[in-house]
Amino acid sequence: MKALLITALVAVFFVVAMAFGARNDQVITLNYFIARGEFSLPMVLAATFFSGFVISWLITMALMLGQRFKLGRITARNQQLEKRIAELESNDTNA
């Protein structure tokens, strides 16, 4: 449900950005590292929004993947410790 809400929110922002861009038909000049280009404002807005979304998504996925690996290691260590506790308890009852 949370993912659906976030996706809907992103879609709304994208539509608002496109509506804003559609009302501004002017051409802008972008100077970047090695070149220079003239682009329409809606195209620049859409590309900027999309690239920001993709970068944010990649960072989030990397962080989530790290957390899953950490959770897996902690779960394995927890199982080892529970097994050792069970062995110690069985040795304690036998003594």
Seminar exercise, completed: Checking LEU41, LEU65 in turn, the sole residue that is of a type in the set (A, V, I, L, M) and in contact with a helix residue (DSSP H, G or I) (Cβ under 6 Å, 6 or more places away or on another chain) turns out to be LEU41
Seminar exercise, completed: Filtering the range 24-64 down to residues that are in contact (Cβ under 8 Å) with a residue 12 or more places away in the chain and charged (D, E, K, R) yields ASP25
Exercise. Looking at the range 15-56, which of its residues are modelled with pLDDT of 90 or more and under 19 Å from the mean Cα position of the chain (by Cα)?
Worked result: SER51, GLY52, VAL54, ILE55, SER56
Exercise. List, please: which pairs have Cβ atoms under 7 Å, are six or more places apart or on different chains, and start with a residue in the range 1-23 that is more than 19 Å from ALA47 (Cβ to Cβ) and end with one that is part of a helix (DSSP H, G or I) and modelled with pLDDT under 80?
Worked result: none
For this session: Filter the range 30-50 for residues that are in a strand (DSSP E or B) and surrounded by 10 or more Cβ atoms within 10 Å (Cβ to Cβ) and give the result.
Result: LEU30, GLY37, PHE39, SER40
Exercise. Does GLU87 count as part of a strand (DSSP E or B) and acidic (Asp, Glu)?
Worked result: no
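The values are calculated or read from the model by the stated rules, or taken from the named source; none is laboratory data. None of the values given here were measured: they were computed from a predicted structure. Don't worry about glycine lacking a Cβ; one is built from the backbone with ideal geometry, like all the others, and counts go over all protein chains shown.
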